[in-house]
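Reviewing the structure listed below.
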Amino acid sequence: MQTSLTSTSGLERRLEVTVPGEALASQVNERLKALARTARLKGFRPGKVPFAVVQKQYGGQVRQEAVNDLVQASFAEAVNREKLRPAGDPRIEPLPPAAGEALRYAAVFEVLPEIAIQPLEQLSVECPVAVITETDVDAMIESMRRQKPIFSPVERAAAAGDRVTIDFEGRIDGELFPGGKGEHLAVVLGAGSILAELDAALHGMQVGERKEVPARFPDDYGAKAVAGKPAQFAIHVKSVALRSLPEVDEAFVRGFGLAEGGLEEFRAQVRATMEREVAEVSRQRVREQLLDALYRANPLDVPRVMVDEQVRELQVQMLRRMGVQKVEQLPPREPYEEPARKRVALGLIIGELVRSNGIRVDRARVEERLNSVAASYPDAEGVRRQYLQSREAMAQIESAVLEDQALDWVQSRVQRVDKPASFAVLTGFDSSKG
């Protein structure tokens with residue numbers, strides 16, 4: 001076999017391969033002999049079909065199969081001989097054979113780039129550090145109180161923050177629209193859960209009072225049938241209840257699943273949960289910085305075929321989030337080009353870090369991650385078994401673990417700068433919300 005390699009542009013290579021005619025002839029001959037032993041043709045006993053008849057009947061098909069297999073095998077051999085690392089499947093272009101040559105073709109493909117990781121000691125990341133104070137714990141418990149409000153019936157006009165129960169009927173152009181009628185609907189005034197005109201009209205209304213209220217659905221309203229349309233609502237107030245917050249007592253603590261230990265243990269558990277949240281947010285922030293730093297410090301020319309695959313995957317993910325099933329409705333690819341390029345580059349960089357530093361997947365961490373994934377499903381044990389029985393699913397988990405290990409390895413070598421932050425700033429916690 002003869003080969004000729006040329007670089008066309010960037011990472012693209014053109015590999016011309018010439019396979020001796022006798023190699024193809026031998027392949028075809030062996031296949032026809034094997035077929036003759038099992039062929040069934042009318043007028044002949046099984047296994048007794050003359051070779052010439054088999055050759056005439058099946059020669060073209062067998063030759064094409066042999067060519068396909070020979071191209072695959074010779075390409076793999078040629079790539080190994082040239083020490084190439086293809087980034088994807090080649091595009092095969094048949095070439096006219098010269099005298100005495102039975103098979104010539106050109107394989108056009110991209111190769112993986114050569115990667116030389118820049119010194120990690122030159123990189124730096126900020127590590128957010130937050131100390132949970134008693135004030136932070138108090139604010140969190142106050143937020144938890146707001147998650148379990150108490151509503152007590154009152155005999156007065158409804159005011160902001162009250163829970164008002166109503167019956168309603170809405171019409172557009174005099175016709176009742178789908179979902180336009182309801183009974184015993186509970187709304188908290190000022191919470192923004194109903195049309196603004198209805199919320200405003202309920203302020204000051206009392207039990208038993210009725211009112212006709214004109215309103216207009218927003219243009220971006222979820223139900224397209226009524227979006228942007230004016231409507232007329234008839235509302236009837238059934239009850240008004242004052243909202244108050246529960247005391248932080250034994251009953252309140254039990255409502256959050258703590259059966260023993262009382263208030264002191266409850267505060268300790270709240271603090272521990274907050275500390276875990278801080279640790280996770282900090283870990284994610286550092287991880288993002290590490291990836292960004294690696295990407296900036298190691299610019300790569302990445303294979304177009306790999307970028308295209310990532311763009312497609314990102315487009316499909318967006319379709320799924322939008323609840324769209326038809327692939328024909330893929331969003332434009334331009335917004336996904338750079339994220340896809342970054343994904344590919346980081347994958348190659350991390351792969352090189354793993355390879356060059358002999359990082360091996362930690363089986364204990366794989367088991368831990370598998371259990372964590374399975375725990376998010378109702379039938380955790382069943383999901384765990386499904387993963388263990390799927391080589392592809394386990395490969396994804398192992399790949400994620402190996403990436404985490406590589407980033408841990410990188411983090412231990414870069415410059416770390418601690419950056420103090422409050423719990424609220426670091427986690428985005430809003431103490432005014434439940």
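In region 410-428, which residues are polar (S, T, N, Q), under 22 Å from I117 (Cα atoms) and part of a helix (DSSP H, G or I)?
Residue satisfying the conditions is Q411 alone.
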Among (1) without any contact (Cβ under 8 Å) to a residue 40 or more places away in the chain; (2) buried (at least 17 other Cβ atoms within 10 Å of the Cβ); (3) not basic (K, R), A406 falls short only on (1)
How about region 269-322: which of its residues are basic (K, R), under 22 Å from the mean Cα position of the chain (by Cα) and either at positive phi or loosely packed, with under 14 Cβ neighbours inside 10 Å (or both)? R320, R321
Limited to region 301-325, what total is found for residues that are in a helix (DSSP H, G or I), within 25 Å of V410 (Cβ to Cβ) and touching a strand residue (DSSP E or B) at 6+ places or on another chain (Cβ under 6 Å)? 0
Out of region 345-373, which residues are within 15 Å of Q396 (Cβ to Cβ) and either of a type in the set (S, T, Y) or touching a Leu at 6+ places or on another chain (Cβ under 7 Å) (or both)? V361, S372
Is it the case, given these coordinates, that V226 is in the same structural domain as F177 (by TED's automatic domain parsing), within 14 Å of G170 (Cα to Cα) and among the aliphatic types (A, V, I, L, M)? yes
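Taking region 132-174 on its own, how many of its residues are touching a strand residue (DSSP E or B) at 6+ places or on another chain (Cβ under 6 Å) and either within 30 Å of R276 (Cβ to Cβ) or not aromatic (F, W, Y) (or both)? Break it down stepwise before answering.
Step one: of region 132-174, the residues touching a strand residue (DSSP E or B) at 6+ places or on another chain (Cβ under 6 Å) are 149-154, 158, 161-172.
Still in the running and either within 30 Å of R276 (Cβ to Cβ) or not aromatic (F, W, Y) (or both): 149-150, 152-154, 158, 161-167, 169-172.
Of the residues in that region, 17 qualify.
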Return the residues of region 274-298 that are free of Cβ contacts under 8 Å to residues at least 12 places away in the same chain and not aliphatic (A, V, I, L, M); say none if nothing qualifies. R276, E280, R283, Q284, E288, D292, R296
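Every residue, every condition in (1) modelled with pLDDT of 95 or more; (2) over 22 Å from the mean Cα position of the chain (by Cα), yes or no:
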| residue | (1), (2) |
| --- | --- |
| A380 | no, no |
| I397 | yes, no |
| L402 | yes, no |
| A406 | yes, no |
| A421 | no, yes |
E134 passes all but one of the listed conditions (1) surrounded by 15 or more Cβ atoms within 10 Å (Cβ to Cβ); (2) under 30 Å from G428 (Cβ atoms); (3) over 32 Å from the mean Cα position of the chain (by Cα); the exception is number (1)
Out of all the residues in region 161-180, is one or more free of Cβ contacts under 8 Å to residues at least 40 places away in the same chain and under 40 Å from the mean Cα position of the chain (by Cα)? no
Could you grab me the full set of residues in region 43-69 that are part of a loop (DSSP other than H, G, I, E, B) and at pLDDT 85 or above? none
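Does region 117-124 contain any residue that is of a type in the set (G, A, S), in contact (Cβ under 8 Å) with a residue 40 or more places away in the chain and loosely packed, with under 15 Cβ neighbours inside 10 Å? If you could, list the steps in order and put the result at the bottom.
Taking region 117-124 as the starting set, the residues that turn out to be of a type in the set (G, A, S) are 124.
Checking which are in contact (Cβ under 8 Å) with a residue 40 or more places away in the chain leaves us with 124.
Still in the list and also loosely packed, with under 15 Cβ neighbours inside 10 Å: 124.
Looking for residues that are of a type in the set (G, A, S), in contact (Cβ under 8 Å) with a residue 40 or more places away in the chain and loosely packed, with under 15 Cβ neighbours inside 10 Å, one finds at least one in region 117-124, hence yes.
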With the condition kept exactly as written, say whether any residue in region 326-333 is in contact (Cβ under 8 Å) with a residue 40 or more places away in the chain, out of contact with any Cys (no Cβ under 6 Å at 6 or more places or on another chain) and either of a type in the set (K, R) or in a helix (DSSP H, G or I) (or both). no
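Among the residues of region 70-102 satisfying the criterion of being assigned to a strand (DSSP E or B) and more than 37 Å from the chain's Cα centre (by Cα), which is farthest from M1 (Cα to Cα)?
Here is the first cut: in region 70-102, the ones assigned to a strand (DSSP E or B) are 86, 91-94, 101-102.
When the remaining residues are screened for being more than 37 Å from the chain's Cα centre (by Cα), the result is 94, 101-102.
Values: P94: 16, E101: 10, A102: 11 Å.
Filtering region 70-102 for residues that are assigned to a strand (DSSP E or B) and more than 37 Å from the chain's Cα centre (by Cα), the one farthest from M1 (Cα to Cα) comes out as P94.
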Filter region 257-267 for residues that are without any contact (Cβ under 8 Å) to a residue 12 or more places away in the chain and surrounded by fewer than 12 Cβ atoms within 10 Å (Cβ to Cβ) and give the result. G257, A259, E260, E264
Verdict on V344 being at pLDDT 95 or above and assigned to a loop (DSSP other than H, G, I, E, B): no
Quick check, is S152 of a type in the set (S, T, N, Q), loosely packed, with under 12 Cβ neighbours inside 10 Å and more than 30 Å from N68 (Cα to Cα)? yes
Being aliphatic (A, V, I, L, M) and either under 30 Å from A66 (Cα atoms) or part of a helix (DSSP H, G or I) (or both) is the requirement here; does A186 meet it? no
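Given the condition without any contact (Cβ under 8 Å) to a residue 12 or more places away in the chain, surrounded by 12 or more Cβ atoms within 10 Å (Cβ to Cβ) and farther than 30 Å from L348 by Cβ, answer yes or no: does some residue in region 2-18 qualify?
From region 2-18, those without any contact (Cβ under 8 Å) to a residue 12 or more places away in the chain are 6-7, 9; that's our starting set.
Then drop every residue that is not surrounded by 12 or more Cβ atoms within 10 Å (Cβ to Cβ), which leaves none.
Among the residues of region 2-18, not one is without any contact (Cβ under 8 Å) to a residue 12 or more places away in the chain, surrounded by 12 or more Cβ atoms within 10 Å (Cβ to Cβ) and farther than 30 Å from L348 by Cβ, which makes the answer no.
The values are calculated or read from the model by the stated rules, or taken from the named source; none is laboratory data. These numbers were taken from a predicted model, which means no experiment stands behind them. Quick reminder, even Gly has a Cβ in these numbers, built from the backbone with ideal geometry, and neighbours come from all protein chains shown.
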